[in-house]
Amino acid sequence: MAIEGPLRELGIHDVFQLLDLSRKTGILRVSSELREDEGLVVFDGGRVVQALIRSKAMSTEYALLQAGRITETDLDRARARRTGARAGAQVIDLLVEIGAITQKELERQLRLHIESVVFELMSWSEGFFSFEERARGDMPNDSRITVSTESLLMEGARRIDEWSRIADLVPNPGVIPELAPVGERHDDNGNGGGSMLDLLPHEWQVLTMIDGGRDLRGIAASLARDEFEIAKIAYGLATTGIISLRAPSRTTQEFDGTGIESRLATARTLTRAGRHGDAADELRRAMQEDPLTPSIHLDFAFAAARLGDYTAARASWAHFLRLAPDDQAAARARDAIAALDQFTWLLEEEANG
């Protein structure tokens, strides 16, 4: 069974939820023309067992080296054991064998890798997805861990919240960093001048990639790093005045919010006309384009409730409150959650007799 379509019609979050609820086994491919990239996620019974992004694919041992969990010496020692009957042994197994890394830490790093890939894919609002269902016997047999898709979705929502805290400077990975003039830089105490920069290695790594033309997405791809991780580094550099961030001129319209406002207006017109399903679809597209606008989540919550999708409604009201706890509509969202919880309780009481 094949499931496929454009991400503007069915967001990647919804795709993951569908595969999780239906306990699918197979391979999901996600392609993006904007990024000229492709992601691949392997599911087993609805759980994620492998994930990679083509531009950032690397061996597990190299990823461990880059993360500082092992050293070049550890790698040389492990590879030296691949002789004779053990010539086909995997290097990561030999790294555990020589004590360079524990099995528990290896599994933790593998999980972090899966999370990083999945969270980046969840930020893709354009592109195409296709899922090829397979029998377990036709699946890759080198999977070492399984990760709950539900936990990935929950963590993905938390990341959206975390991104909202840096969105004032880094609205998305399409912004372009530029080095600030030396006289405009300041340290943690607000002191300006041309003093030596005290940066961490990963901050220097990002700094060396800034050329005034490459955006954060391009820097992440060049460094084979997570886009969100690069965005947080850029936020830190921007708040200390080391860099400035600007939107590329070719996509000015993407950043002025007119597209989102148009979708919200269309959805509200559809709601007044009683076309709640169409309104929800329009709001879902708006959410894919800009997951950080609180009003989108508020409107979608009410649209979902009108359609009887109470799980989605409650989640969107809660997300609205996380993004805008002091908004004038926050009390209405809290009342809606309380009413929905009461309604759900009554339904459960009725079902239990």
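The values are calculated or read from the model by the stated rules, or taken from the named source; none is laboratory data. Small disclaimer: the values here were computed from a predicted structure and weren't measured. Cβ placement follows ideal geometry from the backbone for every residue including glycine, while neighbour counts extend to all protein chains displayed.
Key figures
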item: Among residues of segment 316-341, those that are buried (at least 18 other Cβ atoms within 10 Å of the Cβ), without any contact (Cβ under 8 Å) to a residue 60 or more places away in the chain and within 30 Å of Pro173 (Cβ to Cβ), counted; result: 6
item: Top-ranked residue in segment 102-138 [being among the aliphatic types (A, V, I, L, M) and surrounded by fewer than 17 Cβ atoms within 10 Å (Cβ to Cβ); ranked as modelled with the highest pLDDT]; result: Ala135
item: Conditions (1) surrounded by 19 or more Cβ atoms within 10 Å (Cβ to Cβ); (2) over 30 Å from Asp309 (Cβ atoms); (3) of a type outside the set (D, E, K, R): number failed by Ala87; result: (1)
item: Contacts under 9 angstrom Cβ, first residue in segment 189-207 being among the acidic types (Asp, Glu), partner at pLDDT 80 or above, 6 or more apart; result: Glu203/Ile233; Glu203/Gly236; Glu203/Leu237; Glu203/Ile242
item: Leu34 vs. criteria out of contact with any Gly (no Cβ under 6 Å at 6 or more places or on another chain), of a type in the set (A, V, I, L, M, F, W, C) and part of a loop (DSSP other than H, G, I, E, B); result: yes
item: Helices (runs of 4 or more DSSP H) lying entirely in segment 59-135 (those with 2 or more residues that are in contact with a strand residue (DSSP E or B) (Cβ under 9 Å, 6 or more places away or on another chain) and not assigned by TED's automatic domain parsing to the domain that holds Glu282); result: 103-121
item: Residue ranges of helices (runs of 4 or more DSSP H) in segment 201-265 with at least 3 members closer than 26 Å to Arg158 by Cβ and at pLDDT 85 or above; result: 201-207, 227-239
item: Some residue of segment 38-45 being buried (at least 19 other Cβ atoms within 10 Å of the Cβ) and outside any strand (DSSP E or B); result: no
item: Residue in segment 3-14 that is surrounded by 17 or more Cβ atoms within 10 Å (Cβ to Cβ) and assigned to a strand (DSSP E or B) present; result: yes
item: Tabulated pairs, segment 268-281, first in the same structural domain as Ala305 (by TED's automatic domain parsing) and over 9 Å from Arg306 (Cβ atoms), second surrounded by fewer than 18 Cβ atoms within 10 Å (Cβ to Cβ) and among the acidic types (Asp, Glu), C-beta under 7 angstrom, 6+ apart or interchain; result: Leu270/Asp278
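Okay, residues lined up against (1) in contact (Cβ under 8 Å) with a residue 12 or more places away in the chain; (2) surrounded by fewer than 18 Cβ atoms within 10 Å (Cβ to Cβ); (3) more than 17 Å from the chain's Cα centre (by Cα):
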site: Gly26; (1), (2), (3): yes, no, yes
site: Arg29; (1), (2), (3): yes, yes, no
site: Arg35; (1), (2), (3): yes, no, no
site: Val48; (1), (2), (3): yes, no, no
site: Ala51; (1), (2), (3): yes, no, no
site: Leu65; (1), (2), (3): no, yes, yes
site: Thr73; (1), (2), (3): no, yes, yes
